[in-house]
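This report concerns only the one structure given below.
Derivation of every value follows stated rules applied to the coordinates shown; laboratory data play no part. Bear in mind that the values here come from a model prediction, so they are computed numbers and not experimental data. Neighbour counts run over all protein chains shown; Cβ positions are idealised from the backbone, glycine included.
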Amino acid sequence: MSLALDSVAQRYRVSPEALQPIFVAAQQAAKDLDPLLIVAVIGIESGFNPFAQSVMGAQGLMQVIPRFHRDKLPPDAAASGLLDPVSNVKVGAQVLREAIRRQGGLIEGLQSYAGASDDPDRGYSSRVIAEKQRLEQAIRARKPSLAMVVESQKAAREAPPKTN
């Protein structure tokens, strides 16, 4: 996930240090979801702004609407509730998981999560899936191939010893 973190930090202009607890929360909250899906939702919903608020009152990284989901906050949630990034990711992931289960599939669940179930173009889910694929591509592009790793290890072993 650290390669994804670097990619997100660069794309959204957020420090890796600020993203680290968000990525940890996404991994912990994922359970049966792909953590990169949660990260993609965060990117689309808030652009990684933990204090984002919509005109509909949705708050935080995953744009959770408090009047519908305050009951999902863990008992140990900070006083800031859904503006706390870790709490917001936990609740948002739970809401997303429930939407996917209730709607019977990922695309339908994403549309429901966004309150856009009646959108025949499925614009929201398309944006989230595209963001997730972009993250996956960034990870693949930055991950050294096995051949490159083996070659560099071989070169290091065969290099003449350094003398001072």
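Every Cα-Cα pair of region 2-158 was included, and the share exceeding 27 Å stands at 27 percent.
Extension gain, D6 to R70, is 19.9 nm, computed as 0.36 nm per intervening residue step minus the present C-alpha separation. From least to most packed, judged by other beta carbons within 10 angstrom and beginning with the fewest, D71, D34 follow the order D71, D34. Stretching the chain fully between R134 and R101 yields a gain of 9.4 nm (0.36 nm per residue, less the alpha carbon separation).
Straight-line cross-link reach from K72 at under 20 Å between alpha-carbon atoms covers these aspartates and glutamates, not counting any fewer than eight positions away in the same chain: D32, E45, D84, E98.
Peptide packing for 42-50, 98-106, 21-29 was compared via the average number of neighbouring C-beta atoms within 10 Å per residue; ordered from the highest value, the list is 42-50, 21-29, 98-106.
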